[in-house]
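J.: My questions will all concern the structure given below.
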Amino acid sequence: VKEDMAAAAKWYERSAELGFAPAEYRIGNFYEKGIGVARDIKKSKTWYQLAAEQGNASAMHNLAVLFAMAADGVTDNESAAHWFQEAADLGVKDSQFNLGILAAKGVGMKQNLEESYKWFALVAKTGDKDAAAKRDEIANALRPEQLERARAATELWKAKPLNAATNSADIPESWQEGTPQTTAGIDMKKAVKNIQLILNKNGYDAGGADGVMGEKTKNAIIAFQTDNKLPATGAVDEKLVRALLARK
């Protein structure tokens with residue numbers, strides 16, 4: 001069919017009204033950006049909140065951003081901190097970074113430099129230079145015993161399991177056009193999602209299990225490959241899959 005964002009918005013909203021979290025997140029995004037519908041931040045926040053309460057990590061992060069930025073004219077730092085925390089616990093990198101800032105400044109939450117260090121350090125592990133710089137800045141403000149506790153907390157941290165049912169939707173293979181798209185859009189997305197879940201379960205921070213091969217997932221794969229004496233390519237191959245399945 002011809003691309004029609006207004007029609008897409010209509011179907012997303014009908015699905016959202018039936019309580020399907022991925023659709024609640026998507027229509028919230030449409031209302032936030034004015035895609036296929038008139039821009040309406042109030043409706044966006046409502047849909048994001050409904051999806052977030054079901055466990056949708058992207059909705060949690062976006063909702064927190066709207067609260068923090070006063071997108072509808074009202075700043076709510078406490079709610080922003082709450083939803084950044086929820087998303088950060090699920091491994092959302094941008095939420096972890098923002099939570100590091102809020103914890104350092106004591107905005108929307110009690111100031112806690114050890115907690116701030118932990119979040120920046122976790123993001124820095126993915127190769128983020130800004131997070132590494134902020135981690136080091138916080139480290140300089142900590143007493144030796146505080147820094148030791150913060151480093152220990154960073155090493156012990158593990159992402160909470162992501163609910164696949166509220167964070168993704170299976171798209172029938174027959175709806176895809178052409179073999180390459182089918183491989184990338186369906187099979188590989190599911191495979192990457194499973195890989196992310198197994199990596200996170202075993203302490204390798206691959207971020208949220210969204211099925212997208214981002215920098216965070218690639219770095220987690222490299223770390224896993226290195227620890228398991230596999231070629232550290234960051235690529236998904238048979239040896240990697242076999243080694244991960246053994247850890248499932």
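The values are calculated or read from the model by the stated rules, or taken from the named source; none is laboratory data. Here the structure is a predicted model, which is why all the values come from computation and not from measurement. Cβ coordinates were reconstructed from backbone atoms using ideal geometry, including for glycine residues, and neighbour counts include every protein chain displayed. Surface areas here come from the heavy atoms of the whole protein model, side chains and all, with no ligands, DNA or RNA. Shrake-Rupley method; radii C 1.70, N 1.55, O 1.52, S 1.80 Å.
J.: Against the conditions (1) closer than 27 Å to residue 4 by Cβ; (2) of a type outside the set (Ser, Thr, Tyr); (3) assigned to a helix (DSSP H, G or I), where does residue 86 fall short? Just the number, please.
T.: Single failed check for residue 86: (1).
J.: Being farther than 19 Å from residue 106 by Cα, touching a helix residue (DSSP H, G or I) at 6+ places or on another chain (Cβ under 8 Å) and not in a loop (DSSP other than H, G, I, E, B) is true for just one of 91, 55, 28, 36. Which residue is that?
T.: Going through 91, 55, 28, 36 in turn, just one is farther than 19 Å from residue 106 by Cα, touching a helix residue (DSSP H, G or I) at 6+ places or on another chain (Cβ under 8 Å) and not in a loop (DSSP other than H, G, I, E, B): 28.
Here's the yes/no breakdown for (1) closer than 22 Å to residue 66 by Cα; (2) open to solvent by 20 Å² or more (accessible area, probe 1.4 Å):
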site	(1), (2)
97	yes, yes
102	yes, yes
109	yes, yes
112	no, yes
123	yes, no
126	no, no
129	no, yes
134	no, yes
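J.: I would also like to ask the following. Say whether the condition of being at pLDDT 95 or above, open to solvent by 50 Å² or more (accessible area, probe 1.4 Å) and of a type in the set (Gly, Ala, Ser) is met by at least one residue in segment 57-66.
T.: Yes, because at least one residue in segment 57-66 is at pLDDT 95 or above, open to solvent by 50 Å² or more (accessible area, probe 1.4 Å) and of a type in the set (Gly, Ala, Ser).
Table: residues versus (1) within 21 Å of residue 26 (Cα to Cα); (2) modelled with pLDDT under 90; (3) out of contact with any Lys or Arg (no Cβ under 9 Å at 6 or more places or on another chain).
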| site | (1), (2), (3) |
| --- | --- |
| 145 | no, no, yes |
| 210 | yes, yes, no |
| 243 | no, yes, yes |
| 248 | no, yes, no |
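J.: Follow-up question, since we're still on this one. Considering every residue within segment 180-196, establish whether at least one is modelled with pLDDT under 90 and in a loop (DSSP other than H, G, I, E, B).
T.: no
J.: Another question, then. Of all the residues that make up segment 24-65, how many are within 17 Å of residue 210 (Cα to Cα) and either of a type in the set (S, T, N, Q) or in contact (Cβ under 8 Å) with a residue 60 or more places away in the chain (or both)?
T.: Selection size over segment 24-65: 8.
J.: Now a separate question. Which residue pairs have Cβ atoms under 7 Å apart, sit 6 or more places apart or on different chains, and have a first residue in segment 68-89 that is more than 18 Å from residue 51 (Cβ to Cβ) and modelled with pLDDT of 95 or more and a second that is surrounded by fewer than 18 Cβ atoms within 10 Å (Cβ to Cβ) and of a type in the set (A, V, I, L, M, F, W, C)?
T.: Filtered contacts from segment 68-89: 77/107.
J.: So, in segment 197-248, how many residues would count as being closer than 21 Å to residue 127 by Cβ, open to solvent by 60 Å² or more (accessible area, probe 1.4 Å), free of Cβ contacts under 8 Å to residues at least 24 places away in the same chain and not in a loop (DSSP other than H, G, I, E, B)?
T.: The total comes to 3.
J.: Criterion first (part of a helix (DSSP H, G or I) and over 17 Å from the mean Cα position of the chain (by Cα)) does residue 115 satisfy it? So that I can check it myself, show each step before the final result.
T.: Values: part of a helix (DSSP H, G or I): yes; over 17 Å from the mean Cα position of the chain (by Cα): yes.
Yes: the conditions hold for residue 115.
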